[in-house]
Amino acid sequence: QVQLVESGGGLVQPGGSLRISCAASGSVGSVYDMAWYRQAPGQQRELVAKITNTGTTLYDNSAYGRFTISRGAAQNTVYLQMNSLKPEDTAVYYCKLTGGGNDYWGQGTQVTVSS
């Protein structure tokens, strides 16, 4: 069993910054990719950023240049640093771990960008 716990969401003003975190525990193994997705009300869940076990990163166009995904030193934690936030970034942000042929999801953390 793998558990993912996100934290760090909240309310931020447009143009502000926020860092959200996701910690994985359980039978994680040693080779896995991690990613951040988001889902706004009435919208489908979409990929924001991904980081592979070798450190290769991938960003959605909406996040490129503003968001940075990284992994902690212990590798079982992933961060998403979000800068220059816009109201359209408002969503529930979900962490996903892909490993051993399985996908695991966290419960999500709400990010609201509003003045």
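Could you look through the stretch 1-33, keep only residues that are within 11 Å of the chain's Cα centre (by Cα) and over 15 Å from residue 104 (Cα atoms), and pick out the one that is most open to solvent (accessible area, probe 1.4 Å)? For the stretch 1-33, the residue satisfying everything is 19.
Taken over the stretch 34-79, the criterion of being within 11 Å of the chain's Cα centre (by Cα), hydroxyl-bearing (Ser, Thr, Tyr) and within 17 Å of residue 103 (Cβ to Cβ) is satisfied by 37 alone.
When the residues of the stretch 62-95 are narrowed to those that are part of a loop (DSSP other than H, G, I, E, B) and in contact (Cβ under 8 Å) with a residue 60 or more places away in the chain, which ends up nearest to residue 42 (Cα to Cα)?
Filtering the stretch 62-95 for residues part of a loop (DSSP other than H, G, I, E, B) gives 62-66, 72-76, 83-86, 90.
Those left that are additionally in contact (Cβ under 8 Å) with a residue 60 or more places away in the chain: 83-86.
Values: 83: 24, 84: 24, 85: 20, 86: 18 Å.
This residue is 86.
Of all residue pairs spaced 6 or more apart or on separate chains, those with beta-carbon atoms under 6 Å, a first member in the stretch 34-59 that is at negative phi and surrounded by fewer than 21 Cβ atoms within 10 Å (Cβ to Cβ) and a second member that is at pLDDT 95 or above and not in a strand (DSSP E or B) are 39/45; 47/60.
This table checks each residue for (1) at pLDDT 95 or above; (2) among the polar types (S, T, N, Q).
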position: 7; (1), (2): yes, yes
position: 32; (1), (2): no, no
position: 43; (1), (2): yes, yes
position: 54; (1), (2): no, yes
position: 58; (1), (2): yes, no
position: 75; (1), (2): no, yes
position: 102; (1), (2): no, yes
position: 112; (1), (2): yes, yes
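Do we find a residue being outside any loop (DSSP other than H, G, I, E, B) and under 18 Å from residue 7 (Cα atoms) anywhere in the stretch 99-107? Checking the stretch 99-107: at least one residue is outside any loop (DSSP other than H, G, I, E, B) and under 18 Å from residue 7 (Cα atoms).
The values are calculated or read from the model by the stated rules, or taken from the named source; none is laboratory data. Keep in mind that what you see is a predicted model, and the values were worked out from it rather than measured. In this analysis, Cβ positions are derived from the backbone assuming ideal geometry, glycine residues included, and neighbour counts consider all displayed protein chains. Heads up: the accessible areas ignore ligands, DNA and RNA and are worked out on the full protein's heavy atoms, side chains in. Shrake-Rupley method; radii C 1.70, N 1.55, O 1.52, S 1.80 Å.
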